[in-house]
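The values are calculated or read from the model by the stated rules, or taken from the named source; none is laboratory data. Since the model is a prediction, treat every value here as computed from it, not as a measurement. Note that each Cβ is placed from the backbone with ideal geometry, even for glycine, and that neighbours are counted across all protein chains shown.
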Ligand SMILES: [Zn+2]
């Protein structure tokens, strides 16, 4: 089985991706970019997407591209298949990733191309994009070094 298939399948069950407020995020992913909502009034990022800035209540929120590299904030290994479609996928890794260019954001994502013994909190990770047509666009993260 190819790793790309694995990423797509896991993320295709990701319900937030179907919500309209996440569309700009997935459109960016479809262009192999990572972007988050940022308030042009106070400059703060927030996640998940909101119409108003949760820091200053301004409605001056724009999507801003950030470097698709971050740090592994936390992770877990999922061994129980939550649904039939994931039966062949377990075990897989779910992670929280933070970004130097988008302080305050912790993105829930999948971790791929992982050597479990080498996983360390704080290790650098890099986005892996697949599917450029928007509809099947997916993003996951892999360790920058060590696997
Ligand atoms: Zn603000």
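Some values worked out for this structure:
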| quantity | calculated |
| --- | --- |
| Selection status of residue 41, exposed (fewer than 12 other Cβ atoms within 10 Å of the Cβ), farther than 18 Å from residue 110 by Cα, within 16 Å of the ligand (Cβ to nearest atom) and in contact (Cβ under 8 Å) with a residue 12 or more places away in the chain | no |
| Sole exception among (1) more than 21 Å from residue 29 (Cα to Cα); (2) within 16 Å of the ligand (Cβ to nearest atom); (3) touching a helix residue (DSSP H, G or I) at 6+ places or on another chain (Cβ under 8 Å) for residue 85, by number | (2) |
| Check on residue 73, more than 16 Å from the ligand (Cβ to nearest atom) and either within 14 Å of the chain's Cα centre (by Cα) or part of a strand (DSSP E or B) (or both) | yes |
| Members of the stretch 44-70 found to be more than 13 Å from the ligand (Cβ to nearest atom) and not in a loop (DSSP other than H, G, I, E, B), listed by number | 63, 65, 66, 69, 70 |
| Of the criteria (1) modelled with pLDDT of 95 or more; (2) in contact with a strand residue (DSSP E or B) (Cβ under 8 Å, 6 or more places away or on another chain); (3) exposed (fewer than 14 other Cβ atoms within 10 Å of the Cβ), which one residue 46 fails | (3) |
| Residue check for residue 80: within 13 Å of the ligand (Cβ to nearest atom) and either farther than 22 Å from residue 26 by Cα or assigned to a strand (DSSP E or B) (or both) | no |
